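Written out below as structure tokens is the structure these notes cover.
Bear in mind these aren't lab numbers, they're just calculated from the coordinates by the rules spelled out. These numbers come from a predicted model, not from an experiment. Cβ atoms come from the backbone with ideal geometry, glycine included; neighbour counts cover every protein chain shown.
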Amino acid sequence: MNKHEHMLEIQKVQFALVDLNLYLDTHPESEGATKDFAALSSELKRLIWDYEKKYGPLTNFGSAYFQNPEAWVNSPWPWENEKGGKR
Amino acid sequence: MLRGKDQKKEYKDDFKDIKEELEDLMDEFKDKKNYKDDKMGSCKSYKGSCSQGKKSSCLEDCLENPAKYSCNVFCKDTDENCYESYKLFNPPIYAKAHIQPQPYKNFFNLDDAIISGTIFKDLYDPYCNSGYVGGRRSYDE
Amino acid sequence: MWYYVKTLQHPVNLKSTDLRMAKLLITQYGGPDGELSAALRYLNQRYSMPTNKSKALLTDIGTEEMAHVEIIATMVHQIMENASIDEIKKAGLDGHYADHGKALFYVDATGNPWTATYIQAKGDIIADLHEDMNAEQKARVTYEWLMNLTDDAQIKEILGFLREREIVHYQRFGEALMDVQDNTKAKDFYKL
């Protein structure tokens with residue numbers, strides 16, 4: 001898959017994890033939710049590892065899987081329009 | 001896109017059932033002065049899963065159908081109580097808000113989740129069954 | 001401590017050049033029921049919360065609201081970035097332009113600046129959770145009004161996403177409130 005599709009996959013899993021995290025905040029004893037949370041979390045880490053290897057870090061302050069300060073600075077920023085926005 | 005239309009019909013049917021049960025419940029309440037003691041009678045005559053000791057399925061049941069009579073009966077013998085709705089009555093503190101706790105079930109797949117805004121189908125636009133359409137309330141539905 | 005993730009929670013690639021809509025959308029950026037209000041409200045309330053569930057919930061929802069601030073900002077920015085001066089004048093954004101050019105700012109739909117009077121932390125968990133539930137409902141309604149004000153499918157989809165998030169947050173705050181109410185003996189009720 002291309003960069004855009006890869007990012008979309010990350011966004012889908014990431015979003016599910018956010019919703020699940022909120023559920024677990026108020027239902028910490030839910031076994032089903034805890035299991036799914038762990039499974040999705042591994043999936044997200046795998047997706048991000050693959051993405052960062054190709055396109056550069058997705059988080060700052062040294063927390064990414066691959067450090068690349070030049071890519072951190074110069075890769076597109078999230079608010080920029082993918083089609084024909086200013087760079 | 002998503003299964004909004006099917007869900008709406010389901011919700012309408014469920015809403016009618018719950019509405020009828022609630023009306024029964026309301027009638028019972030009206031006749032009781034001291035509901036704590038009077039309900040002992042209804043506890044004895046109640047033959048639901050709680051009085052048969054199946055507490056775990058009872059909990060599931062009440063999370064799914066919170067308006068069921070058995071989920072709102074208060075018994076002095078707390079083993080007779082379904083779910084923990086007796087907490088609503090003992091101690092009888094008023095001026096409390098109530099939000100139905102949400103069971104872990106009925107999920108969207110990942111593709112639909114990010115479009116709809118949640119992974120839980122039960123939380124997807126829950127106001128539809130009351131006919132609440134963007135600022136208007138339509139009681140006719 | 002916060003790290004930043006270089007992506008949006010929901011993709012935003014707008015084709016729209018509806019500047020009139022940009023002027024309205026900004027209310028969810030710096031307005032009374034907007035995402036910034038939500039984020040600052042929750043992140044501030046969490047310090048004095050007595051239960052761990054509420055500390056966790058306020059931190060997590062507060063963080064998510066900051067991600068929503070970013071989504072609104074992106075929408076406004078993308079609509080505005082290629083606008084001509086004539087288009088800006090026509091949309092009634094010349095006032096904003098004089099003060100801020102094409103930059104964003106924390107204002108509501110009529111240009112009133114954000115103020116801390118939009119939020120509250122009463123230091124009482126019952127009152128604070130009720131305030132949070134109310135805030136989520138107000139935000140949900142604002143998204144509904146905004147959805148009524150546009151026909152653009154892309155914008156409507158994103159607003160629909162954000163609206164649903166408000167409903168979910170309302171449910172979560174409600175559950176946290178139930179946890180407090182149900183687990184408090186009558187005589188301790190007022191001590192929270």
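Some values worked out for this structure:
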quantity: Translational diffusion coefficient (Stokes-Einstein; Kirkwood radius from C-alpha pairs) of the range C:91-167 at 20 °C, 1.002 mPa s, in µm²/s; calculated: 144
quantity: Tail fraction, Cα-Cα pairs, the range C:128-182, threshold 14 Å, whole percent; calculated: 56
quantity: Average beta carbon contacts from partner chains per residue of C:90-100, 10 Å cutoff; calculated: 0
quantity: Binned Cα-Cα distance frequencies in chain A - 10 Å width, integer %; calculated: 15, 39, 31, 13, 2
quantity: Flagged links, alpha-carbon separation over 31 Å, of C:15/C:90; B:12/C:156; B:12/B:96; A:54/B:105; C:6/C:89; calculated: A:54/B:105; C:6/C:89
quantity: At least 18 Å along the helix axis (C-alpha) and Kyte average at least 0.0, DSSP helices within chain C; calculated: C:52-80
quantity: Distant-in-sequence amide H partners of residue B:107 (H built 1.01 Å from N, under 5 Å); calculated: B:121
quantity: Virtual paramagnetic centre 7 Å along Cα→Cβ of residue C:152, amide N under 15 Å, in the range C:53-94; calculated: C:71-84, C:87-88, C:91-93
quantity: Spacing of the two label points (7 Å from each Cα toward its C-beta) at residue C:97 and residue C:63, in nm; calculated: 4.1
quantity: Theoretical gain in end-to-end length, residue A:74 to residue A:54 [0.36 nm per residue, Cα-Cα removed]; calculated: 5.8 nm
quantity: Segments B:103-110, C:113-120, C:157-164 sorted - mean Cβ within 10 Å per residue, highest first; calculated: C:157-164, B:103-110, C:113-120
quantity: Fewest-first sequence of C:5, C:168, C:12 by Cβ atoms within 10 Å of each Cβ; calculated: C:5, C:12, C:168
quantity: Degrees separating the helix A:3-26 axis from the principal Cα axis of chain A, which is the longest one; calculated: 30
quantity: Unit charges on C-beta of K, R, D, E only; dipole of the range C:96-192, Debye; calculated: 200
quantity: The range A:17-58 residues near the modelled residue A:3 label - backbone nitrogen below 12 Å, point 7 Å along Cα→Cβ; calculated: A:52, A:54-57
quantity: Cα lying deepest toward the dipole's positive end in the range C:19-182, options C:147, C:117, C:75, charges on Cβ; calculated: C:117
quantity: Two-decimal log10 I(q)/I(0) for chain C, as the Debye equation yields it once each C-alpha is a single scatterer, q = 0.11, 0.13 Å⁻¹; calculated: -0.52, -0.70
quantity: Kirkwood hydrodynamic radius of the range C:34-143, from inverse mean 1/r over distinct Cα pairs, in Å; calculated: 15.6
quantity: Shielding score for C:135-148, defined as the mean number of other chain Cβ atoms within 10 Å; calculated: 1
quantity: Packing-based exposure ordering (other Cβ within 10 Å, fewest first) of C:2, C:145; calculated: C:2, C:145
quantity: The range C:38-68 versus the range C:127-146: alpha-carbon centroid distance in Å; calculated: 15
quantity: Computed helical MRE - 222 nm, chain C, DSSP H runs ≥ 4 contributing -39500 (n - 2.57), nearest 500; calculated: -20000 deg cm²/dmol
quantity: Sequence of C:97, C:29 once ranked by neighbouring C-beta atoms within 10 Å, starting from the fewest; calculated: C:97, C:29
